[in-house]
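> Here it is: the structure, laid out below.
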Amino acid sequence: MKVASVLLPLPLPEAFDYGVPDDWELGIGDHVVVPLGPRRVRGLVQEIREVTGSNRRLREIEERLDVPSVPPSAMAFLDWAARWTLTPPGEMAFLATRGLSSPPPRAERRLRRVAGRDPARPTEARSRALATLGDDEAASMADLARAAGVSASVIKGLMDEGVLEVAEIQPALPFGVPDPEFSATQLSADQAAAARRLAGAIDGRTFAPVLLDGVTGSGKTEVYLEAVAHLLRQQPDAQVLILLPEIALTQALMRRIEARFGAPPAEWHSSVPPPVRRQVWEGVRSGEAHLVVGARSALFLPFRSLRMIVVDEEHDGSFKQEQGIVYHARDLAVARASQSQALVVLASATPSLETLTNAEQGRYDWVRLAARHGAAVLPDIDLIDLRATPPDRGRWLSPPLVEAMVETLAKGEQSLLFLNRRGYAPVVLCRACGERMTAPDSDSWLVEHRYTGRLVCHLTGFSMPKPSHCPACGAADSLVSIGPGVERIAEEAAERFPEARIEVFSSDTVPDAAAARDLVRRMTEGEIDILVATQAAAKGHNFPNLTLVGVVDADLGLKGGDLRAAERTFQLLIQAAGRAGRADRPGRALLQTWLPEHPVMQALKAMDRDAFTQAEGDGRRLMGLPPYGRLAALIVSSADAEALDRVCLDLARRIPTAERVEVYGPADAPLALVRGRRRKRFLVRADRDVDVQAYLRAWLAEFKVPASVRLRVDVDPYSFL
Ligand code: ADP
């Protein structure tokens, strides 16, 4: 008989076996419904094999669903990703079927003119109805009657005469066929050489990882789009995936791709409406969708001939998915390209230490773009020593920064004040008793938001109105706001420059892609003088009239105390500074710091990426940390403190001994209480050549997690909270 292993969307370590009814045609990647205890569960066929002489009584698959299967290459990738991230394979597999959760948009019945037919009796009412319709379509008879101001019988008469008809209009596909010759850019010599290297990798038709390394504005996008054109010329059925770290960046790239290839690419992220996602899923599955621009989950789309992946802004921490299934989209992109024998381009002005190390050691090809395109020059970066020129009491902008803003405004140019902190004030404190306001069930501090008048937990989303009395000691009007967020900086800017047009760009003021598009447009068109922004604006946008970037607190990221704090600060500030001065206007960036002699600040001032990388890399090598070693975390959490302790003790007892591996913990997580759950962490450090996944598997093999406790494995953690 035939037996199928079926992946179920449950935290099970492997697929379950089911019998295949005798006369069924079933393939790998097919969607099925199977019985599980008393339930019926949707599953995905992972494997089918012929079994002889088995007397096991297997339950049979109940139904095969009529939706396109997940192709074998995508199934293989899911399997690999599950093993790499230690995710239950069924849960991983269901990342790949999310696009199927909604039906595709349906064909619409619409009223339209029949070509070449005119009414025999053109009454005034009939002529008006036809003129109103023109070459368009109307949704119904009633619609057209209303629009033309005629009675329904007039429309009916036209239909009876065969002048109008009801047609089934198929929904348009949300993507088109790219034409590599549509509108090529004349590349500079440097860019053309880079594009040729990528083309060479494509022609090799093997796995080719490439770091495309060039400052913001050097033309990395132009170069990889040229490589896409080359690929499409050679292999018209090829598919390309371009991953971006932020949904807010997709629109600009979609427009550029449409201008370059004469057709919109497919778009994939959480804001795409479900019926469109279904169309994209099926288009990717059928091969009709050639170019996909998406967020990290696009990696799990069912590509049939994926030949090239671009990870734009590859250093960006947003590629690490922290909620639910934990994975790093950049790392999985490299793996997927490797399985598909495809090209993977990692593009960045400030590559991650991991990628730089891979390039230095020759594992990745390293393609560099030297200068900014055309006349554009990099901004001057200067440090403002806050010890020498501090802001006034209760203010955050130092005199030199204010002076620079005055000059910039006077020239009719734009300033960006960068502070990676949402809200008004990061801490709210009681002057009477010293109580810091926290959420009732979490350890994180509440952030004051003045626009909404609420205190918000940025971790869990909990919020409450700002109380008039301290909840701890009851003192009235004693709560004070400590430190600045973007809203407070905007307030100070408005006080200093009452005539200036000031806007805040953060995930609170720009909640979705449409709002982001609008704000970016207004900034681009010069409708804003001073933009106060979190990292939401530090990435990728081109503002031609922006000539001053003021970094309010350059030291902010250095205090995080995690492995990549300095690296992130460096990348973020270089990106932020890189916003200044495009095209023909030189820009400058001023960084307010209390630590001007810190190596990160010195490297920033000199724009010396190599010096920074060297210093940072030496430190990591010494400690055996990534990229010179491996890390993994176990995060154990429970509302039941005793159960949590028991589990941690049990886990600690089971730690396998192995060479070149150390396990630290269990320790209270820095955020020891979130949503009423206590949290503890183990951290595994291993040498680079250790198979950490195998080690973790051995550790957790026989371990049963009680229902009241959650255990999360994070291979290569980016967050240490
Ligand atoms: P990056 O991706 O490195 O930030 P882009 O490819 O976005 O750089 O290029 C920055 C700007 O310069 C874009 O507006 C782009 O259209 C323009 N540009 C780059 N190279 C050329 C070129 N060879 N010809 C015309 N415009 C170019």
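> From the Cα trace of the chain, what convex hull volume per residue do you get, rounded to a whole Å³?
236 Å³
> Based on the alpha-carbon gyration tensor of the stretch 618-721 and its eigenvalue square roots a ≥ b ≥ c, which shape applies: rounded if a/c is under 1.5, prolate if not and a/b is larger than b/c, or oblate?
Oblate is the answer for the stretch 618-721, as a/c is 1.5 or above yet b/c matches or exceeds a/b.
> Continuing with the same structure: Hey, what's the per residue convex hull volume over the C-alpha atoms of the stretch 2-101, in cubic angstrom?
Measuring per residue, one finds 106 Å³ for the Cα hull of the stretch 2-101.
> Which order do the peptides 314-325, 238-249 come out in when sorted by mean C-beta neighbours inside 10 angstrom, highest first?
With the highest mean Cβ count within 10 Å placed first, the list reads 238-249, 314-325.
> Rg to Rh for the stretch 200-287: what is it, with Cα atoms only and Rh by Kirkwood? It would help to have the intermediate numbers written out before the result.
Values: Rg = 14.2 Å, Rh = 14.7 Å.
Over the Cα atoms of the stretch 200-287, Rg/Rh equals 0.96.
> Testing the spin-label approximation: label points 7 Å from Cα along Cα→Cβ at GLN323 and TRP80. State their distance in nm.
2.8 nm
> If you take every residue apart from LEU401 with its C-beta less than 13 Å away from the C-beta of LEU401, what net charge results, scoring Lys and Arg +1 and Asp and Glu -1?
That sum, taken over residues with Cβ under 13 Å, equals -4.
> Hey, another quick one. What value does the stretch 84-125 have for Rg/Rh, both radii from Cα atoms and Rh as Kirkwood defines it?
1.58
> Using the basic label-point model (7 angstrom from Cα toward the beta carbon), what is the ALA515 to TRP24 distance in nanometres?
Result for the modelled spin labels: 4.7 nm.
> Relative to the present Cα-Cα distance, how much length would full extension add between VAL114 and LEU649 at 0.36 nm per residue of separation?
Using 0.36 nm per residue and subtracting the Cα-Cα distance, I get 184.8 nm.
> Checking the a/c ratio against 1.5 first, then a/b against b/c, what shape does the Cα gyration tensor give for the stretch 294-451? Don't skip to the answer; put the middle values down first.
Values: a/c = 2.78, a/b = 1.45, b/c = 1.93.
In terms of gyration-tensor shape, oblate.
> Given R₀ = 60 Å, what would the calculated FRET efficiency be for GLN614 paired with ARG121, taking r from the Cβ atoms and rounding to 0.05?
Working: r = 87 Å, r/R0 = 1.46.
Once the sixth-power term is evaluated, E becomes 0.10.
> Of the listed peptides 129-142, 418-431, 513-526, what is their order by residue-averaged count of other C-beta atoms within 10 Å, with the highest listed first?
418-431, 513-526, 129-142
> Sticking with this one: Taking the chain as a whole, which cysteines find no other cysteine Cβ under 4.7 angstrom from their Cβ?
Result for the chain is CYS457, CYS648, no neighbouring Cys Cβ within the cutoff.
> So if the hydrodynamic radius of the stretch 189-369 is defined as the Kirkwood radius over C-alpha pairs, what does Stokes-Einstein give as its diffusion coefficient at 20 °C and 1.002 mPa s, in µm² per second?
For the chosen part, D equals 133 µm²/s.
> So, one more: Using a Förster radius of 35 Å, what is the FRET efficiency between ARG431 and SER708 based on their Cβ-Cβ separation? Nearest 0.05, please.
FRET efficiency, ARG431 to SER708: 0.30.
> So between LEU459 and SER140, what do we pick up on full extension, going 0.36 nm a residue minus the alpha carbon distance?
Taking 0.36 nm per residue and subtracting the Cα distance, the gain is 110.0 nm.
> Would you calculate the volume per residue, in Å³, of the smallest convex hull containing every Cα atom of the stretch 422-470?
75 Å³
> Sticking with this one: How large is the dipole of the stretch 404-484 about the Cα centre if only Lys and Arg carry +1 and Asp and Glu carry -1, each at its Cβ, rounded to the nearest 20 debye? Spell out each step's value before the answer.
Working: 8 positive and 7 negative charges, 20 e Å.
Here the size comes out at about 100 debye.
> I need the Kirkwood Rh of the stretch 108-169: take the reciprocal of the average 1/r across all distinct C-alpha pairs and report it in angstrom.
11.2 Å
> Moving on. For the stretch 710-718, in order, what is each residue's ³J(HN,Hα) by Karplus, 6.51 cos²θ - 1.76 cosθ + 1.60 with θ = phi - 60°, in whole Hz (x at glycine and Pro)?
Values, residue by residue: 10, 10, 10, 9, 10, 7, 6, x, 10 Hz.
> Amide H to amide H under 5 Å from LEU546: which residues, 5+ apart in sequence or cross-chain, H placed 1.01 Å off N in plane?
GLN414, GLY581, ARG582
> What net charge is computed for the residues neighbouring GLY617, neighbours being all others with C-beta under 13 Å from the C-beta of GLY617, Lys and Arg scored +1, Asp and Glu -1?
Around GLY617, the surrounding residues sum to -2.
> Which one, PRO274, ALA329, PHE543, is farthest towards the positive end of the dipole of the chain when Lys and Arg carry +1 and Asp and Glu -1 on their Cβ?
The Cα lying farthest towards the positive end belongs to PRO274.
> Could you check the simple spin-label distance between LYS605 and TYR664, using points 7 Å along Cα→Cβ, in nm with one decimal?
Label-label distance for LYS605 and TYR664, simple model: 3.1 nm.
> Nearest 0.05, what FRET efficiency do THR132 and SER101 give at R0 = 56 Å with Cβ-Cβ as r?
On the way: r = 39 Å, r/R0 = 0.70.
In this case the efficiency is close to 0.90.
> Note the full-extension length gain between ASP203 and SER271 as 0.36 nm times their separation in residues minus their Cα-Cα distance, in nm to one decimal.
20.9 nm
Read-outs: derived from the displayed coordinates by stated rules, not from any lab. Just so you know, these numbers come straight off a predicted model, no measurement behind them. As a convention, Cβ positions derive from the backbone with ideal geometry for all residues, glycine included, and neighbour counts pool all protein chains shown.
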